[in-house]
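S.K.: Below is one structure. I have some questions about it.
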Amino acid sequence: MIDLSAYSHVVVFTGAGMSAESGVPTYRGHGGIWHRYNYEDYACEAAFRRDPQGVLDFHEIRRGHVLGCEPHAGHQHLTVLQRGHPSLSIVTQNIDGMHQRAGSRVAAELHGSLWRLRCPHHGLFEDAAAGAFQQRSCPQCGTVLRPDITWFGDQVDEAVFDRARALIDDCDLFVCIGTSAVVWPAAGLIPLHRSRRPWLLEINPEPSEVADGLDQAIRAPASTLADLLSID
Ligand code: NAD
C-alpha cells in the first residue's frame, strides 16, 4: 500500500485503461474502437469538413455508449483520495468524463471531452446531459459545432498542455494509470528525464512503453486502486 500523505503534490495521469473495466474500450486492446470504425471517416478535421453531421452522429453513438458505462471502484477511490489530500491533481488523456462522473476534479483533459462542443468564433459549449447533442450549431452564429476533442492530426490545446506540465513539474509523486504511453505529445509529459524527478509509479496490468524508466510498477487493474493507494 502506498501512502499518498507522504507526498506533497501528487499527479495522477490516466489513459484509456483507467476506464476499460467500466466497459469503455481502449484503442489498442480487444474491442478497440478503431478496429471497427475507420478514424479517417469520423475522427479527423477532414472528415468533419466533408461530413459534419455524419461525424456528429458518430460522436453521439460514442456518447451513448459511454453513458451506458458506470465509473468503477477505481474512479471512486481516486475521488476519495482527492478529497483527503491537499494537492492531488488528475491529468487525463481520456475524453469520457468518467472521473468527473465519479465526483473527481480533473485539472487537465489533454485530448478534450465528448461532453463539450466548440464554435471557432464563440468558444466552448458544455453539453453533458444525454447521448444526443442538445444543439448541433452555434446559437450565436449558426456554425456547425465540432466536438471539443483532439482528433487524429490535431494539435493538443497549448493552454491545457501547459497547465498539465506545470502541475507535473511541481509534483513529487507521479502515478501513471492505464496508459500505453505511445500517444504523443501526452506521453512526453511523463517526467522520466528531469534532474529533480518525482517518484514514478505505474499501475497497469501490462508494462507501458516507458515502464523500464519508472521507479515502481504495480501490475494490477485500475479497479483495485483501493488496495494500492491510501491516505493514512
Ligand atoms: P491505449 O489504448 O493506448 O492503452 C491502454 C493501456 O491501458 C494499456 O497500456 C493497457 O495495458 C492498459 N490497461 C488495460 N486495461 C487496464 C486496466 N483494467 N487497468 C489499468 N490499465 C489497463 O490508451 P492510451 O495510452 O490512453 O492512449 C490512447 C488514446 O486514446 C488516449 O490519448 C485517449 O485520449 C484516447 N482514448 C480515450 C478513451 C477514453 O476516453 N476512455 C478510450 C480510448 C482511447
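Read the figures in this text as sums done on the coordinates, not as results from a lab. Fair warning: this is a prediction, and the values are worked out from it, not measured in the lab. With ideal geometry, Cβ positions are generated from the backbone for all residues, glycine too; neighbour counts draw on all protein chains shown.
S.K.: Which cross-chain or sequence-distant (5 or more) residues have an amide H under 5 Å from the amide H of Ile149, H modelled 1.01 Å from N in plane?
M.R.: Under 5 Å from the amide H of Ile149 lie the amide H atoms of Ser113, each far enough along the sequence or on another chain.
S.K.: Where is the GNM fluctuation largest for the chain (alpha-carbon springs, 10 angstrom cutoff): Ala187, Ala217, Ala129?
M.R.: Sorting by GNM fluctuation, first place goes to Ala129.
S.K.: What is the mean projected area of the alpha carbon convex hull for the chain, to one decimal in square nanometres?
M.R.: Details: hull surface 49.3 nm².
Averaged projected area of the chain's Cα convex hull equals 12.3 nm².
S.K.: Write down the radius of gyration of region 170-232 and its Dmax, each obtained from C-alpha positions, in Å.
M.R.: Using the Cα atoms of region 170-232, the pair Rg, Dmax is 11.7, 35 Å.
S.K.: Residue farthest toward the positive end of the dipole of the chain, with Cβ of Lys/Arg at +1 and Asp/Glu at -1: which of Cys44, Gly188, Cys141?
M.R.: Toward the positive end, the furthest listed residue is Cys141.
S.K.: On the Cα set of region 106-165, report Rg and Dmax in Å, please.
M.R.: Expressed in Å, the Cα Rg and Dmax of region 106-165 come to 12.2, 35.
S.K.: Around His65, what is the net charge, scoring Lys/Arg as +1 and Asp/Glu as -1 over all other residues with Cβ under 12 Å from its Cβ? Walk me through the intermediate numbers first.
M.R.: Values: positive: Arg36, Arg62, Arg63; negative: Glu60, Asp96.
Value of the local net charge: +1.
S.K.: Shifting gears a bit: With the Cα gyration tensor of region 118-203 in hand, convert its eigenvalues to equivalent ellipsoid semi-axes via √(5λ) and list them largest first in whole Å. Let's see the in-between values first.
M.R.: Working: eigenvalues 234, 39, 29 Å².
The equivalent ellipsoid of region 118-203 has semi-axes of 34, 14, 12 Å.
S.K.: At 7 Å along Cα-to-Cβ for each site, give me the label-to-label distance between Arg105 and Glu158 in nm.
M.R.: Modelled inter-label distance: 2.7 nm.
S.K.: Could you sort 83-96, 161-174, 49-62 so that the peptide with the highest average Cβ count within 10 Å comes first and the rest follow in order?
M.R.: On the way: 83-96: 20.7, 161-174: 18.0, 49-62: 15.4.
Listed from highest to lowest mean packing, they are 83-96, 161-174, 49-62.
S.K.: Once the piece of chain linking Asp232 and Ala129 is laid out straight, how much longer is it, given 0.36 nm per residue of separation minus the C-alpha distance between them? Show your work: numbers first, answer last.
M.R.: Values: separation 103, 0.36 × 103 = 37.08 nm, distance 3.67 nm.
Fully extending the segment from Asp232 to Ala129 adds 33.4 nm.
S.K.: Among Gln140, Gln76, Gln155, which one shows the highest mean-square fluctuation when the chain is modelled as a Gaussian network with alpha-carbon springs under 10 Å?
M.R.: Largest GNM mean-square fluctuation: Gln140.
S.K.: Using a simple charge model, +1 on the beta-carbon of Lys and Arg, -1 on the beta-carbon of Asp and Glu, nothing else, what dipole does region 130-198 show about its Cα centre, in debye to the nearest 20?
M.R.: Working: 7 positive and 8 negative charges, 21 e Å.
Using only the charged Cβ atoms, the result is roughly 100 debye.
S.K.: Same structure again: What is the dipole size for region 53-138, taken about its Cα centre, with +1 at each Lys and Arg Cβ and -1 at each Asp and Glu Cβ, in debye to the nearest 20? Could you put the intermediate results ahead of the total?
M.R.: Numbers: 8 positive and 7 negative charges, 32 e Å.
Dipole size: approximately 160 debye.
S.K.: Would you look at the GNM of the chain, springs on alpha carbons closer than 10 Å, and say which of Ile190, Ile218, Ile203 moves the most?
M.R.: It is Ile218.
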